[in-house]
Amino acid sequence: MKYIIISKKKWDKNNFRELNQNFLFLKNINLKKIKKINPKIIFFIHWSKIIKKNLYNKYLCIQFHSSNLPEGRGGSPIQHQILSIAKKTKLTAFKVSNQLDAGPFCLKKNLSLKGTAEEILKRMELTSIKMIKKISKTKKLKFKKQIGKTTLFKRRKPSESQIKFKKSNSIEKLYDFLRMLDAPDYPKAFIELNKFIFTFQNIKIKKKIINATVNIKTNEK
């Protein structure tokens with residue numbers, strides 16, 4: 001094996017079917033396996049933890065970030081961009097360094113921000129795999145310094161998923177807020193009403209009408 005892909009989760013297992021025996025998939029950083037394989041490149045998809053210096057100094061580590069770096073460094077890039085009414089962004093493959101999302105990049109691809117968070121993550125994963133295949137076939141990989149205005153996103157807290165109604169809000173803005181949180185293991189959009197919490201998922205919109213599955217539970221505060 002020449003390459004390792006590390007990701008907390010496979011959003012769509014079909015995305016990985018085209019990879020051959022040169023690739024090993026890991027859910028976590030396993031130093032023993034990495035040392036044994038001595039990979040040419042370690043790829044990180046859907047990864048939010050700090051990658052330690054002893055790893056990226058020894059191996060070429062390439063991470064995928066869903067923004068047009070250096071714009072949108074940091075946490076929850078998909079959600080922040082949807083809130084800014086962005087319809088599309090870039091998926092950036094960059095070299096891991098000692099600064100957050102600041103390493104030189106080798107490839108960028110377009111990424112649509114349409115649909116739910118789950119749909120976007122599956123799309124991001126598929127694009128990442130296509131980029132990995134292209135990068136792994138490149139004989140002389142070239143990296144470019146990130147150029148442009150740097151912006152930094154803060155990782156969103158679960159409390160920020162609470163829906164706050166304002167007079168200026170439109171049905172489209174509400175839809176964007178609901179859909180950007182609609183993925184398994186994500187803190188869903190919610191409303192607190194008396195002793196109950198209402199959470200929303202399976203978000204769809206048609207003719208300015210939002211359809212959703214609503215779960216109701218007792219507020220245990």
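The values are calculated or read from the model by the stated rules, or taken from the named source; none is laboratory data. All values reported here derive from a predicted model rather than from experimental measurement. When we count neighbours, we look across all protein chains shown, and the Cβ atoms used for this are built from the backbone with ideal geometry, even at glycine. Ligands, DNA and RNA are stripped out before the accessible areas are found, and what is left, the full protein with its side chains, is counted by its heavy atoms. Shrake-Rupley method; radii C 1.70, N 1.55, O 1.52, S 1.80 Å.
Surface exposure of region 147-190, expressed per residue as accessible area with a 1.4 Å probe, stands at 71 Å². I'd like the distance between the alpha-carbon centres of region 173-195 and region 54-123, rounded to an integer number of Å. What the calculation gives is 23 Å, centre to centre.
Of all beta bridges that DSSP places with both ends in the chain, some 60 percent have antiparallel geometry. Our estimate of slack between Lys207 and Glu192, defined as 0.36 nm per intervening residue step minus the Cα-Cα distance, is 2.7 nm. For Leu113, the amide hydrogen comes within under 5 Å of the amide hydrogens of Lys88, Thr89, counting only partners 5 or more places away or on other chains and with H modelled in the peptide plane.
Solvent-accessible area of Glu71, all protein chains in place: 100 Å² (probe radius 1.4 Å, heavy atoms, ligands and nucleic acids excluded). Looking at the chain as a GNM with Cα springs under 10 Å, which of Lys27, Lys208, Lys90 has the largest mean-square fluctuation? Answer for the Gaussian network model of the chain: Lys208.
Taking every alpha-carbon pair under 8 Å whose residues sit at least 6 apart, region 90-136 reaches a relative contact order of 32 percent. In this structure, Asn54 and Lys145 have a Cβ-Cβ separation that, at R0 = 25 Å, corresponds to a calculated FRET efficiency of about 0.55. Our summary gives the chain a relative contact order of 16 percent, counting only alpha carbon pairs under 8 angstrom and 6 or more residues apart. Counted by Cβ distance under 15 Å from Thr151, the other residues give a net charge of +3, where Lys and Arg count +1 and Asp and Glu count -1.
Simple point charges give the picture: +1 on the Cβ of Lys and Arg, -1 on the Cβ of Asp and Glu, and for region 89-134 a dipole about the Cα centre of about 300 debye. Note on Kirkwood radius over Cα pairs in Å: of the candidates (i) 18.9; (ii) 21.2; (iii) 19.7, the value calculated from this structure sits at (i).
Start at zero, step by 5 Å, and the Cα-Cα distances of region 3-103 spread as 2, 11, 22, 22, 19, 14, 7, 2, 1, 0 percent across the bins.
Taking 15 Å as the straight-line reach from the Cα of Lys134, the aspartates and glutamates in range (excluding those fewer than 8 positions away in the same chain) are Glu18, Glu125.
Report the one residue of Ala93, Gly72, Ser112 whose Cα lies farthest in the direction of the positive end of the charge dipole of region 70-116 (charges on C-beta: Lys and Arg +1, Asp and Glu -1; origin at the Cα centre). Of Ala93, Gly72, Ser112, it is Ser112. Loop-located chymotrypsin sites (Phe, Trp or Tyr not before Pro) across region 130-201 with a Cβ neighbour count of 11 or fewer within 10 Å are Phe165, with loop assigned by DSSP. Three semi-axes describe the equivalent ellipsoid of region 92-221; taken as square roots of 5 times the Cα gyration tensor eigenvalues and ordered largest first, they are 36, 17, 14 Å. Here the label points at Glu172 and Ser84, each 7 Å from Cα along the C-beta direction, are separated by 1.8 nm in the simple model. Across region 81-188, Cα pairs under 8 Å and at least six residues apart give a relative contact order of 29 percent.
Counting only DSSP beta bridges whose two residues both lie in region 69-166, roughly 80 percent are antiparallel.
Counted over region 113-221, the DSSP beta bridges are approximately 95% antiparallel. Between the listed residues Leu121, Ile132, Gln81, the Cα displaced farthest toward the positive end of the dipole of region 62-172, a dipole computed from Cβ unit charges relative to the Cα centre, is found at Ile132.
Atom-type composition of the exposed protein surface of the chain places 52 percent of the accessible area on carbon and sulfur (1.4 angstrom probe). Remark: region 61-114 carries a charge dipole of roughly 240 debye about the Cα centre, counting +1 on each Lys and Arg Cβ and -1 on each Asp and Glu Cβ. Relative to the longest principal axis of the Cα atoms of the chain, the long axis of helix 117-137 lies at roughly 10 degrees.
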